[in-house]
Amino acid sequence: MANSPISHDRTLRRAAVTGGSGFVGRNLVAALLSAGIEVRSVDNRPSEPVPGASAVTADLRDPQQAVEALADVDVVFHLAGNPSGTVSVEDPLLDFSSNAVVGINVLEAVRHHAGTRLLYLSTAMVYGQPETTPCHEKDPCRPFYPYGASKLAVEHWLNSYVAAYGIDASAARAFVVYGPGEDPRRAGAEPGQFLRWHLNGAPIRITGDPDTKIRDFVHVDDLIAGLLVAARRGEPGAVYNVGSGTSVSLRELVSVIEAATGRSAEVTVDERDLTDSYALVADISALRELGYEPRTPLGDGIQRLAAAMGPAPALPALSTVLSATNH
Ligand SMILES: NC(=O)c1ccc[n+]([C@@H]2O[C@H](COP(=O)([O-])OP(=O)(O)OC[C@H]3O[C@@H](n4cnc5c(N)ncnc54)[C@H](O)[C@@H]3O)[C@@H](O)[C@H]2O)c1
């Protein structure tokens, strides 16, 4: 196709999803099955399998288990690991083993299984505090949490494996993902946390500056659509932002929640930690060129999530204060 950004259009029939028991993983497994793709979920934490998928229990910190669990598929979606900046600040070695060590083991497994496509789910936290908004994939990456550093290390290893061994791998940087199926004990994203407090009649706790802390909230269905586009059409060695492309401050998020539930919210603001009070919003033009289009407006997504949670969902467990110095 002359002048087309699409130079690949891979057919994917059999997929492995690492982290398949997790929030994004379970949603991805279900979406792949609906798209007619055979799916194997790989996780070290057994969970009720998504009907129709096979499940393998494997600890991917072990290279041999990674090679065995990821055999005989066309594509590996690599999602397993620690998804929390807060946890990485509290325990950087745990973060290193679950993100960096697992990441290189997955790369080694894909190198071993020649011809397997790899799509690695990275994070917008790799940018640190961006210099411009929205941020583009080519912008500098200066992560300031161990989580962002370990996720970025795997992006670099991935590129080196593409160059050195010719593996077919790309990465996607997810912004703040929300939607059904988050475990409240592990979830740190504001939409789910804020809703859980609000639906229980508790004050919404904002950490940081409500007006300058601006994020790109992307519904998990849109994230998954983006991952599928990137897996099928992404360039080897390329990284793609996956977000909504829309800027929303935490104060605006509260208003969206109030509109969705029809009740006004009580809000407390803790401005002691302003480390991440800046705008982190995706320029999604690269993935758009491959056919991605976010379809869930924040208000609709929040309304559906509130309905799915019911009147008294479990309260969030993770602290929202990220800086270890404030503990
Ligand atoms: N949720 C978000 O807002 C968000 C944003 C950006 C990027 N991401 C990325 O998406 C991915 C999934 O995040 P999530 O929110 O679904 O997290 P999650 O914690 O719900 O899922 C992660 C899964 O990985 C599994 N896992 C961890 N260590 C493992 C190991 N050693 N071997 C096998 N499995 C292991 C866990 O058991 C868990 O089921 C992560 O890589 C995260 O960095 C998430």
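Using a Gaussian network model of the chain in which every pair of alpha carbons under 10 angstrom is joined by a spring, one finds that among 124, 16, 187 the greatest mean-square fluctuation is at 187. Fewest neighbouring Cβ atoms within 10 Å first, the residues 268, 18, 246, 11 line up as 11, 268, 246, 18. Comparing 274, 227, 250 in a Gaussian network model of the chain where C-alpha atoms under 10 Å apart are linked, the largest mean-square fluctuation is found at 274.
By the beta-carbon count within 10 Å of each Cβ, the least crowded to most crowded order of 161, 278, fewest first, is 278, 161. From most to least packed by mean Cβ count within 10 Å, the peptides 214-223, 164-173 give 214-223, 164-173.
When the Cα gyration tensor is reduced to axis lengths a ≥ b ≥ c, the ratio a/c is 1.5 or higher for the range 88-162, and with a/b not above b/c it is classed as oblate. Does the range 1-160 come out rounded, prolate or oblate by the C-alpha gyration tensor, with a ≥ b ≥ c the root eigenvalues, rounded set by a/c under 1.5 and, if not, prolate when a/b is larger than b/c and oblate if not? Here the range 1-160 falls in the oblate category. Can you give the angle from 0 to 90° between the axis of helix 298-309 and the longest principal axis of the chain, with both taken from C-alpha atoms, to the nearest 10? That works out to roughly 90 degrees. Peptides 202-209, 100-107 ranked from most to least packed by the mean count of surrounding Cβ atoms within 10 Å: 100-107, 202-209. Where a ≥ b ≥ c are the square roots of the eigenvalues of the C-alpha gyration tensor, would you call the range 257-313 rounded, which needs a/c under 1.5, or, failing that, prolate if a/b is larger than b/c, or oblate? Oblate, because a/c is 1.5 or more while a/b does not exceed b/c.
Only Lys, Arg, Asp and Glu carry charge here, each on its Cβ (+1 for the first two, -1 for the last two); on that basis the range 80-154 has a dipole of about 280 debye about its Cα centre. Here the Gaussian network model covers the chain, with springs between Cα atoms less than 10 Å apart; of 159, 200, 27, 200 fluctuates the most. Net charge dipole, the chain: roughly 460 debye, given to the nearest 20, about the Cα centre with Cβ charges of +1 for Lys and Arg and -1 for Asp and Glu. Taking the Cα centre of the range 30-117 as origin and assigning +1 to Lys and Arg Cβ atoms and -1 to Asp and Glu Cβ atoms, the resulting dipole is close to 200 debye. Projecting each Cα onto the charge dipole of the range 243-296 (Lys/Arg +1, Asp/Glu -1 at the beta carbon, about the Cα centre), which of 290, 278, 247 comes out farthest on the positive side? Most positive-ward Cα: 290.
Rule-based calculations on the coordinates, nothing more; no lab input. Being a predicted model, the structure only gives us computed values, none of them experimental. Counting neighbours? That spans all protein chains shown, and the Cβs are built from the backbone with ideal geometry, glycine included.
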